[in-house]
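In what follows, a single structure is set out as structure tokens and then discussed.
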Amino acid sequence: MVKHTARLKRKYSRKNIGEGPNTFYHIKHILIDTAVFEKSFAESLALNIMWKIENKTSTFSEQASIYSADLQSSGKGGDLGWFIQGVMLPELDKAMVKHKKGDLFTVWSASGLHVVTVADNPKEDTGYALLLRVIL
């Protein structure tokens, strides 16, 4: 989180913010660490997690607290909060803009396999308030 915050501060200084609106995204994720699990097991686990969520036998938050290797977000139901495109892993950045609120999908990254849901619709903001909430 600290690494992402420092990167955000560098990328979106006051000068950059004033140049136009910023689009903010809100996603949740469950990281299945492929340094721990084989790729085929990670894929099976992701399908199982998604099935439970889609069939309402479990919630995304419950599954995140059980399975996510991301210890910073697992206690918050996998919630990554609001952020600007370009701050997260490139694979997540590319995938999240293609989906809408409520979508459930998987994304591979160097960290492993992510089960992702879009928690809210993207928001555009030209002011500093939302950005400051993200940074602070």
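Taken together, the values in this text are just the output of simple stated rules run on the coordinates, not laboratory data. Please read all numbers here as calculations on a predicted model, not as lab measurements. For neighbour counting, all protein chains shown are included, and Cβ atoms are generated from backbone atoms with ideal geometry for every residue, glycine included.
So how much slack lies between Phe105 and Thr59, counting 0.36 nm per residue of separation and subtracting their Cα-Cα distance, in nm?
15.1 nm
Summarised in one figure, the compactness ratio Rg/Rh of the stretch 21-125, Cα atoms and Kirkwood Rh, is 0.95.
Residues whose amide H comes within less than 5 Å of that of Ser109, counting only those at least five positions distant or on another chain, are His114 (H built at 1.01 Å from N in the peptide plane).
Which of Thr59, Thr117 has the fewest other C-beta atoms within 10 Å, and how do the rest follow up to the most?
Ordered by Cβ neighbours within 10 Å, fewest first: Thr59, Thr117.
Counting 0.36 nm for each residue step from Glu43 to Asp120 and taking away their Cα separation leaves a gain of 25.2 nm. Counting neighbouring Cβ atoms within 10 Å and putting the fewest first, the residues Val115, Val87 line up as Val87, Val115. Counting other Cβ atoms within 10 Å as a rough exposure proxy, the listed residues Trp108, Trp51 run Trp51, Trp108 from fewest neighbours to most. Which of Asn55, Pro21, Gln85 sits farthest toward the positive end of the charge dipole of the stretch 21-125, with +1 on the Cβ of Lys and Arg and -1 on the Cβ of Asp and Glu? Toward the positive end, the furthest listed residue is Asn55.
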